[in-house]
């Protein structure tokens with residue numbers, strides 16, 4: 001069997017395996033059984049007739065969307081000899097670094113518990129249970145006293161860890177070579193250069209219409225906007241996930257965004273029990289391709305006994321300071337809690353988890369930091385050098401933007417236009433490109449500052465920025 | 001098709017370098033690894049498997065048994081196979097690789113010896129090699145097309161069934177470091 005054929009067979013087998021456990025599989029089975037009642041289904045051509053029925057009724061499309069979703073999310077099956085940890089992260093030194101970082105977080109959480117004499121989890125005493133039931137409907141307005149709790153870690157702690165990442169097999173000497181990287185990240189991951197980015201983000205080019213640019217008030221809507229909205233409506237009526245992902249690269253009309261995101265993320269329309277994110281054990285599935293691992297604990301009194309081992313929190317994710325910023329923008333899109341939650345969960349296990357775990361993935365935070373620094377060093381060398389000289393390494397300013405996917409820094413409508421492209425390109429690289437574009441935009445002011453504080457001040461307020469013009473100019477209109 | 005591992009002896013890596021290895025400044029960019037099969041008759045090679053460690057290009061030469069009395073000659077069966085698309089960056093640096101019979105430039109019917117020539121042109125890496133080298137010959141043929149055994153038991157993607165609680169209890173004191 002040729003290598004390509006066996007690779008394809010492997011991928012198909014893996015996807016079938018995954019889908020067999022899904023709700024969709026059960027639904028398809030039920031639909032197939034129910035279809036036997038239909039007059040057009042004949043026994044002698046049963047298989048073909050059912051397939052035709054699936055095509056006409058839209059179930060085939062649902063299956064296509066599910067397969068497309070799997071292809072987007074899960075990495076391709078790796079070599080049979082590769083152990084599971086290789087799938088999480090192929091580079092050994094990165095795995096080790098992630099392990100050490102996790103241990104630090106665990107230690108920090110444990111010391112907080114010990115200092116405050118609070119266990120990780122316990123059953124609520126009866127008195128408290130009664131009190132909670134009484135005010136169940138006003139929960140949102142009554143906050144417990146959190147003043148003693150401090151965040152487990154803040155983005156700047158994480159940045160220090162990334163700065164100290166080293167490959168033991170890499171020439172880390174002081175001598176300057178052709179590869180001297182003047183930034184903070186010192187690991188040689190492969191990142192795209194501008195020609196490669198132009199190819200990757202081709203739909204953001206100057207000749208293509210964009211929402212965020214070509215829908216501004218001065219531009220007549222007949223030129224682009226009307227047609228784009230019409231196409232969006234068509235994509236939604238076809239319920240085609242792949243088409244939606246391609247479409248949204250040019251931005252989503254506000255009215256269609258909620259539905260388009262749900263289609264791309266393959267969110268089921270079935271109402272689901274709304275779980276608090278921390279308790280949602282289905283999130284544990286993403287640790288197969290996340291370099292991080294869920295923390296473990298043991299039921300009180302059963303330390304070391306594997307049958308009493310549990311994950312903590314149940315979803316395996318320990319949030320950091322600012323974590324809620326991943327959810328906040330979504331509240332503008334979805335009013336129904338069930339849908340809002342599903343969208344957030346899917347965005348987290350597809351994208352956001354990469355922003356706070358150490359891995360070599362092209363959308364991982366390490367690659368994004370390196371991409372940002374490389375773009376700046378290569379295309380704005382004077383600015384980069386100047387900032388470095390005054391003790392204002394650019395990454396120290398842009399890191400917090402990227403780690404939060406710009407949430408809380410941009411105006412909401414701009415943020416949503418940015419997140420449209422994250423979905424459209426199934427990549428977080430656009431965050432690094434935008435960060436570099438922001439520096440390019442404010443380059444003149446930045447060249448005049450003489451301290452880190454002054455540089456921070458120039459870049460403190462991003463709320464007036466328009467992201468699409470910035471990105472377009474940086475990628476397609478700057479003389480390189 | 002099933003495959004059977006062929007026991008092999010991997011000789012120590014030899015660096016190809018001009019001048020004295022100890023005193024010269026640069027690192028060798030070419031390494032040679034000889035692989036012999038001391039207790040095995042000339043066999044048909046099915047697959048070569050290894051874990052890469054920062055090797056950028058791989059060339060393989062093979063010496064095969066000939067029916068005539070002429071001495072067996074070295075023939076290149078794989079030329080400059082790329083393992084790292086960019087020798088200066090991490091991509092492909094620690095990947096598991098399999099090379100199959102059909103990828104070879106010549107017939108691999110009666111293998112006596114293999115010579116792996118590793119190249120890493122980038123001066124940025126301190127060392128490079130290939131690890132966990134395994135050579136396979138064809139196993140007993142089966143009538144139906146069978147997938148490798150591991151496919152019917154794919155690596156589980158999910159964690160073992162997580163306990164949200166044990167006997168209704170989720171009393172936890174501290175996190176575990178193991």
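Each value in this text was obtained by applying a stated rule to the coordinates, not by laboratory testing. Note that the structure is predicted; figures quoted are calculated from it, not measured. Cβ atoms come from the backbone with ideal geometry, glycine included; neighbour counts cover every protein chain shown.
Observations on the structure shown:
- Per-residue shielding of B:95-104, expressed as the average number of other chain Cβ atoms within 10 Å of the residue Cβ, stands at 3.
- Span from the region A:179-230 Cα centroid across to the region A:1-48 one, whole angstrom: 38
- Label point distance in nm, residue A:34-residue B:74, each placed 7 Å from Cα along Cα→Cβ: 7.0
- Legend: ranking of residues B:77, B:82, B:8 from fewest to most surrounding C-beta atoms inside 10 Å; resulting order B:82, B:8, B:77.
- Cα gyration tensor shape of the protein assembly as shown, rounded if a/c is under 1.5, else prolate or oblate by comparing a/b with b/c: rounded
- Our helix-only sum for the protein assembly as shown, with -39,500 (n - 2.57) per DSSP H run of n ≥ 4 divided by its residues, gives a mean residue ellipticity at 222 nm of -11000 deg cm²/dmol.
- Inter-chain neighbour count for A:300-307: the average number of beta-carbon atoms from partner chains within 10 Å of each residue's beta-carbon is 3.
- At R0 = 41 Å, FRET efficiency that the Cβ-Cβ distance of residue A:26 and residue A:464 yields, to 0.05: 0.25
- Over region A:1-74, the alpha carbon radius of gyration divided by the compact-protein estimate 2.2 N^0.38 Å works out to 1.29.
- Legend: calculated FRET efficiency, residue A:234 to residue A:7, from the Cβ-Cβ distance at R0 = 35 Å, rounded to 0.05, equals 0.55.
- Between residue A:217 and residue A:103, the simple spin-label model (points 7 angstrom out along Cα→Cβ) gives 5.9 nm.
- Here residue A:443 and residue B:141 are evaluated by their C-beta separation; at R0 = 60 Å the FRET efficiency comes out at 0.35.
- Extending 7 Å from Cα along the Cβ direction at residue A:246 and again at residue A:160 yields two label points whose distance is 4.9 nm.
- Counting, for every residue in A:76-88, the Cβ atoms of other protein chains within 10 Å of its Cβ and taking the mean gives 4.
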